[in-house]
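Input: a single structure, listed below in C-alpha cells.
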Amino acid sequence: MRNLKVTIAYNGAAYHGWQRQNNAYTVQEAFENALYELIGEHISVNGCSRTDAGVHAREYVLSFLTSSTITCRGVIFGMNAILDDDIAVLSCEQADENFHARYSCKGKEYEYIVHNSEIKDPFYKYTAYRSWYPIDAERLDREAKAFIGRHDFKAFCSADCTKENTVRTIFDFTVRRVGDTVRFKVSGDGFLYNMVRIMVGTLLYINDSKLPEGAIADLIAGRDRTNAGKTVPPQGLYLNKVFYDEGNEDNE
C-alpha cells in the first residue's frame, strides 16, 4: 500500500463543506467519487480540516492509502479531467506511511475577504462578504494583534463547538486593504468551530464602534461568546495554507 498526499483547491459555493454527509453533496464525496472512477477503489480519504458550507480552499491537503500503481502525475491529470472545474488537484506525492493529513498537521492559515464598497460586485457574490461601511484596515490590524499568542478562545467559537479544550495558539494576524477589499489573514496551530469568522466579526464590530478599541483582551479573558462580535458569512473564508513538519514526504 502507498500513502499519497494530495493538495487540492476548491471553490466551496456549490458544496456543503468538506466532510461527507448523508443528505448533502460535499467536496469529499466529489473527490472520492472521482477517485473511484480513476482507479476503481472505494477509498475514504483523510482531510486536513472540516470546512463549512460555502467556505473555499486555496490549499487543502488530504491523504489516502491505495494499492493502485498509478503515478502521482496520473493522479493529478486524471483527477483534474474527472472533477468539476470548481475543484482542482494541485499536487500529489508519496508520503511516509505514518503521514496523516489531519493528525500530522501543525497549523493552518486562513484568509477572510471583505468586499468593502458602497457598490456591489456580482463577481464577489459567492467569494467575499460585502460590507459597505468604510473599514479602517490599519486600525483593525493593530487591534488584531491582541489575538496573537496562546489563549483560551472560548468566546470565539460557536455554541455548537464540542471541543472541551478551547485553548489555541495564534501565530499571526494581519489586516490589509487591497483595492476595494479588506483581507484578514490569520495563522495558528488550530481553530475552533467558526473561530475565524467570529474573530473577523469581532474586529468589524470594533470598526463599526459596536465594541470599543482594546476590547479583544477582555473578551478573551471573559470567555463569553455572547460578548464577542457576529459570525460573518462563510463565503469570504478561505483555507489558505496547511503546515506540516518537513521530511515526512517521500517524493520519489
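Quick rundown of the values:
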| item | result |
| --- | --- |
| Any hit, the range 156-167, residues being buried (at least 23 other Cβ atoms within 10 Å of the Cβ) and part of a helix (DSSP H, G or I) | yes |
| Residue within the range 5-24 that is outside the structural domain of residue 110 (by TED's automatic domain parsing), β-branched (Val, Ile, Thr) and in contact with a Gly (Cβ under 8 Å, 6 or more places away or on another chain) present | no |
| Residue within the range 216-237 that is in a strand (DSSP E or B), under 16 Å from the mean Cα position of the chain (by Cα) and either under 22 Å from residue 127 (Cα atoms) or without any contact (Cβ under 8 Å) to a residue 60 or more places away in the chain (or both) present | yes |
| Condition met for residue 73 (outside the structural domain of residue 172 (by TED's automatic domain parsing) and in contact with a Phe, Trp or Tyr (Cβ under 6 Å, 6 or more places away or on another chain)) | no |
| Filter result (of a type in the set (Gly, Ala, Ser) and either at pLDDT below 95 or not in a helix (DSSP H, G or I) (or both)) within the range 1-50 | 9, 17, 24, 40, 44, 47, 49 |
| Checklist (1) surrounded by fewer than 17 Cβ atoms within 10 Å (Cβ to Cβ); (2) at positive phi applied to residue 233, failing item | (2) |
| Number of positions in the range 236-247 that are on the phi > 0 side of the Ramachandran plot and modelled with pLDDT of 95 or more | 0 |
| Residue check for residue 175: of a type in the set (Val, Ile, Thr) and touching a residue at least 60 places away in the same chain (Cβ under 8 Å) | no |
| Criterion: touching a residue at least 12 places away in the same chain (Cβ under 8 Å), among the hydroxyl-bearing types (Ser, Thr, Tyr) and over 28 Å from residue 193 (Cβ atoms) - qualifying residue of 44, 49, 63, 68 | 68 |
| From the options 210, 185, residue that is among the basic types (Lys, Arg) and under 21 Å from residue 17 (Cα atoms) | 185 |
| Hey, residue 11 in contact with a His (Cβ under 8 Å, 6 or more places away or on another chain) and either crowded, with 16+ Cβ neighbours inside 10 Å or among the charged types (D, E, K, R) (or both) or not | yes |
| Test for residue 177: is it within 24 Å of residue 134 (Cα to Cα), in the same structural domain as residue 112 (by TED's automatic domain parsing) and either surrounded by 15 or more Cβ atoms within 10 Å (Cβ to Cβ) or in contact with a Phe, Trp or Tyr (Cβ under 8 Å, 6 or more places away or on another chain) (or both) | yes |
| Single residue of the range 94-106 satisfying the filter (surrounded by fewer than 17 Cβ atoms within 10 Å (Cβ to Cβ) and outside any loop (DSSP other than H, G, I, E, B)) that is nearest to the chain's Cα centre (by Cα) | 106 |
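Condition check ((1) in the same structural domain as residue 207 (by TED's automatic domain parsing); (2) exposed (fewer than 15 other Cβ atoms within 10 Å of the Cβ); (3) more than 19 Å from residue 237 (Cβ to Cβ)) across all residues:
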position: 112; (1), (2), (3): yes, no, no
position: 119; (1), (2), (3): yes, yes, yes
position: 137; (1), (2), (3): yes, no, no
position: 142; (1), (2), (3): yes, yes, yes
position: 151; (1), (2), (3): yes, no, yes
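The values are calculated or read from the model by the stated rules, or taken from the named source; none is laboratory data. Keep in mind the model is a prediction, meaning the values are calculated, not measured. Every residue, glycine as well, gets a Cβ built from its backbone with ideal geometry; the counts of neighbours run over all protein chains shown.
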